[in-house]
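Take a look at this one; I'll ask things after.
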Amino acid sequence: DCDPRDLHRVDRRQRRVCIRDRAWDASGSGASSETASFTSPYIVPAAIVALTPRGTAGDSATQRYQWQVDAAATRYQLYINRDGSVFHDQWYDAAHSVLDPATGKFAVDVPGHSPGTYQWWVRGWGPEGMGTWSDAVTFRQ
């Protein structure tokens, strides 16, 4: 069955499409066709796996943020709070990674760190849409 609620599934990687036709001419409407449905790939990045830093980081003013690459992502947004306030909010494409994406990891060096508690998230974006945020990662410097 094709339930109209299926058009807005929670599954962000696929979209179900339902089709029903009805003929019409000058004498009126004809009977509806049978409903047809299919699932179309709707590929957006999954929740990114944030890797490091976490726990306790070194005293360096520049920290390397690293996460797993998602094949559906062409850009990533890195969002960092320091002591509850926005510290960094930046988009990065593949050219910004200090690691070869073939490693399966993406990394950027972010300057300006000082002692405090940091919390960060990353999400991917691809031509078909935005992915969800990673789980929050916390570290202290």
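The values are calculated or read from the model by the stated rules, or taken from the named source; none is laboratory data. For clarity, every value in this text was computed on a predicted model and none was experimentally measured. Every residue, glycine among them, receives a Cβ derived from its backbone with ideal geometry; neighbour counts consider all protein chains shown. Heads up: the accessible areas ignore ligands, DNA and RNA and are worked out on the full protein's heavy atoms, side chains in. Shrake-Rupley method; radii C 1.70, N 1.55, O 1.52, S 1.80 Å.
To the nearest 10 square angstrom, what accessible area does L51 show with a 1.4 Å probe?
Only protein atoms counted, so the area is about 40 Å².
Then there's this: Mind listing the long-range amide H neighbours of V44? Cut-off is under 5 Å, sequence gap 5 or more, other chains count too, H placed in the peptide plane at 1.01 Å from N.
none
Next question. When all protein chains stay in place, what accessible area (Å², nearest 10, 1.4 Å probe) is found for I48?
Solvent-accessible area, nearest 10 Å²: 10 Å².
Please give me, ordered by residue number, the chymotrypsin sites (Phe, Trp or Tyr not before Pro) of segment 78-137 that lie in loop per DSSP and have at most 10 other Cβ atoms within 10 Å. Intermediate values should be presented prior to the final figure.
Working: sites: Y79, F87, W91, Y92, F106, Y118, W120, W121, W125, W133; in loops: W133.
For chymotrypsin sites (Phe, Trp or Tyr not before Pro) across segment 78-137 that sit outside H, G, I, E and B with at most 10 neighbouring Cβ atoms in 10 Å, the list is empty.
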